[in-house]
Amino acid sequence: MEALLSGSTASAPDFGRLLWLAGSFLLALLAGCGPAEVVVKGDFPAPTMEKLPLTIGVWYSPEFTNHEFFDEAKSRTESSWLVKTGQAQVQMWNTLLAGMFTRVVPMAGRPGPGQMNPSVDAVFIPEVAELQYALPTQTNVKVYEVWIRYHLQLVTTGGTPIADWTMPAYGKTPTAFLQSDQAAVNLAAVMTLRDAGANFASNFTRVPGVQAWLDEMLNTNREATL
Amino acid sequence: MITAALRALLLGAVTCLVSGCVTSTVDQMVFNKPEHGIGNATVVILGRRHASDYDTEPDFVECVGDHIASGDKTIHVIGELEFVNEFYPWFEPRTAPLQIADLERLMQNQPVVAKRLAAMNTQYMVWLDGSTVRGDSAGSMTCAVGPGGGGCFGFGTWSSDANYEATIWDFSEHAEVGRISTTATGQSYMPAVVIPIPIIAPVQGTACDGIGDQLLQFLSSNS
């Protein structure tokens with residue numbers, strides 16, 4: 001009987017340990033109630049292409065560098081999702097632009113009248129207009145998908161628009177075998193960013209406003225060389 | 001004679017029981033086979049990912065590459081991810097050339113791509129297109145856990161179908177020089193008496209071996 005009682009009572013240090021264990025258990029339970037969080041991480045290769053002989057400025061707004069997407073659960077069986085893409089976006093665009101242009105210069109502030117910025121041929125401003133994702137539990141299709149719609153702008157250092165266009169990007173991962181939902185969403189997001197880079201690199205010179213600006217800039221540079 | 005046939009039948013039945021049954025067919029159409037193998041040249045094997053409803057699985061592409069490399073040690077197969085990263089963004093699902101003429105155009109517009117391909121000494125590019133899908137399933141299984149332990153009881157079965165096509169591009173000929181297609185179908189079983197025992201039909205593996213053998217025959221000087 002004594003042995004049984006001693007098994008169920010706790011001394012002061014044991015009580016502390018029990019309290020700590022209970023706290024940990026409660027925290028784990030609370031964490032389980034929170035949203036599934038994905039901080040998108042991946043490697044983005046430099047593009048293999050002929051560089052445009054131009055100096056391009058780049059301005060990332062704070063909304064872009066800290067871009068995150070929150071989707072609240074619609075039912076008790078679903079989980080809320082928080083997908084943070086800002087860091088990966090900046091990493092991808094920096095790598096891509098450095099491979100597309102002779103020189104890339106980060107801007108101190110958003111181009112506009114009175115804003116002091118380094119001298120460049122034009123400033124590129126990417127923005128995420130929309131992000132959507134789909135999980136197999138929502139679609140009954142065995143793929144994880146991520147869509148991003150970008151709003152892209154090319155402006156002068158004074159802020160005058162040169163070109164303004166939207167660009168879609170899409171990525172999917174075929175299977176989540178032996179990986180968590182978070183890892184699969186991360187992979188789909190990385191594929192989407194790669195697709196964004198591919199879409200931008202292969203179509204940039206064909207955007208109407210950009211095409212006219214490029215003709216002008218490249219002809220001016222050619223004449224200056226002659 | 002009858003004993004040998006019985007033995008073969010028994011062996012087949014045992015193999016079927018242990019790993020599930022798979023039937024496969026391979027078709028090939030090859031025009032310009034290299035007479036003395038590909039020598040020092042390299043070959044790259046890539047998966048098609050432009051369809052909306054399926055992706056060629058990266059592990060299938062890797063399996064075919066490994067099959068070729070292990071079948072003839074002299075053949076250097078460039079890894080898919082390594083190649084796609086090296087030539088980013090030109091072999092992404094959105095931008096990958098669908099015809100050899102598209103690749104020729106890419107090399108003209110982007111000389112740096114042509115230079116890198118030449119530096120890699122890539123003579124053949126093999127595109128794999130297809131996927132393995134799970135088909136009909138039947139049976140039922142119930143599992144329960146109690147204070148004394150747990151277990152499952154029941155039987156499940158499902159079919160899998162693999163359908164792949166390999167297209168071979170020859171850079172020196174600037175042409176498509178062959179097409180190999182393979183289909184494999186298999187039935188997997190999962191009986192459960194306390195513990196579920198999966199007997200999985202290696203459908204994708206069989207398709208990989210089928211297409212790998214034909215590609216090896218095409219590329220290797222040993223065949």
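Of all residues in region B:127-170, count the ones that are of a type outside the set (A, V, I, L, M, F, W, C) and within 27 Å of the chain's Cα centre (by Cα). First the steps, then the outcome.
From region B:127-170, those of a type outside the set (A, V, I, L, M, F, W, C) are B:129-132, B:134-137, B:139-140, B:142, B:146-151, B:154, B:156-157, B:159-161, B:163-165, B:167, B:170; that's our starting set.
Right, trim to within 27 Å of the chain's Cα centre (by Cα) and you get B:129-132, B:134-137, B:156-157, B:159-161, B:163-165, B:167, B:170.
Total satisfying the criteria: 18.
Name every residue in region B:98-123 that is closer than 17 Å to B:Ala41 by Cβ and in contact (Cβ under 8 Å) with a residue 60 or more places away in the chain, in order of residue number.
B:Ile100, B:Leu103, B:Met120, B:Asn121, B:Thr122, B:Gln123
Which residue pairs have Cβ atoms under 6 Å apart, sit 6 or more places apart or on different chains, and have a first residue in region B:165-177 that is part of a strand (DSSP E or B) and a second that is of a type in the set (S, T, N, Q) and at pLDDT below 80?
Once the first residue is part of a strand (DSSP E or B) and sits in region B:165-177, its partners that are of a type in the set (S, T, N, Q) and at pLDDT below 80 give B:Val177/B:Asn32.
Spot the failing condition for A:Asn186; the list is (1) touching a residue at least 12 places away in the same chain (Cβ under 8 Å); (2) surrounded by fewer than 19 Cβ atoms within 10 Å (Cβ to Cβ); (3) not in a strand (DSSP E or B), and only one is missed.
Here A:Asn186 clears every test but (2).
Test A:Ala108 against the criterion of being within 14 Å of chain B (Cβ to nearest Cβ), farther than 26 Å from B:Pro58 by Cβ and outside any strand (DSSP E or B), and give yes or no. Let's see the steps before the verdict.
Numbers: within 14 Å of chain B (Cβ to nearest Cβ): no; farther than 26 Å from B:Pro58 by Cβ: yes; outside any strand (DSSP E or B): yes.
Criteria not met by A:Ala108.
Among all residue pairs at least 6 apart or on different chains, which show Cβ distances below 7 Å where the first residue, located in region B:74-96, is at the interface with chain A (Cβ under 7 Å from one of its Cβ atoms) and without any contact (Cβ under 8 Å) to a residue 60 or more places away in the chain and the second is in a helix (DSSP H, G or I) and among the polar types (S, T, N, Q)?
Note: pairs meeting the criteria are B:Pro89/A:Ser202; B:Arg94/A:Asn199; B:Thr95/A:Ser202.
Say we look at region B:179-220 and pick out the residues that are part of a strand (DSSP E or B) and touching a helix residue (DSSP H, G or I) at 6+ places or on another chain (Cβ under 6 Å); which of these is nearest to B:Ala69 (Cα to Cα)?
Initially, region B:179-220 is screened for residues part of a strand (DSSP E or B), giving B:179-196, B:199.
Subsequent filtering for residues that are touching a helix residue (DSSP H, G or I) at 6+ places or on another chain (Cβ under 6 Å) retains B:180, B:182, B:184, B:186.
Details: B:Ile180: 18, B:Thr182: 20, B:Ala184: 22, B:Gly186: 26 Å.
Looking at the filtered set, the residue picked out is B:Ile180.
Out of the residues in region B:178-205 meeting the condition of being under 22 Å from B:Phe60 (Cα atoms) and out of contact with any Ser or Thr (no Cβ under 8 Å at 6 or more places or on another chain), tell me which one is surrounded by the most Cβ atoms within 10 Å (Cβ to Cβ). Quick ask: steps written out before the conclusion?
So in region B:178-205, the residues under 22 Å from B:Phe60 (Cα atoms) come out as B:178-188, B:198-205.
Remaining after also requiring out of contact with any Ser or Thr (no Cβ under 8 Å at 6 or more places or on another chain): B:180-181, B:205.
Values: B:Ile180: 24, B:Ser181: 20, B:Gly205: 19.
It comes out as B:Ile180.
Among residues belonging to region A:197-206 that are within 23 Å of the chain's Cα centre (by Cα) and without any contact (Cβ under 8 Å) to a residue 60 or more places away in the chain, point out the one that is nearest to the other protein chains (Cβ to nearest Cβ). Before the answer, list the steps.
Taking region A:197-206 first, the residues within 23 Å of the chain's Cα centre (by Cα) are A:197-204.
Imposing the further condition that a residue be without any contact (Cβ under 8 Å) to a residue 60 or more places away in the chain reduces the set to A:198-199, A:202-203.
Values: A:Ala198: 4, A:Asn199: 6, A:Ser202: 5, A:Asn203: 10 Å.
Only one residue tops the list, namely A:Ala198.
The values are calculated or read from the model by the stated rules, or taken from the named source; none is laboratory data. In this text, all values refer to a predicted model and were calculated from it rather than measured experimentally. So basically every Cβ, Gly included, is an ideal-geometry build from the backbone, and we count neighbours across all protein chains shown.
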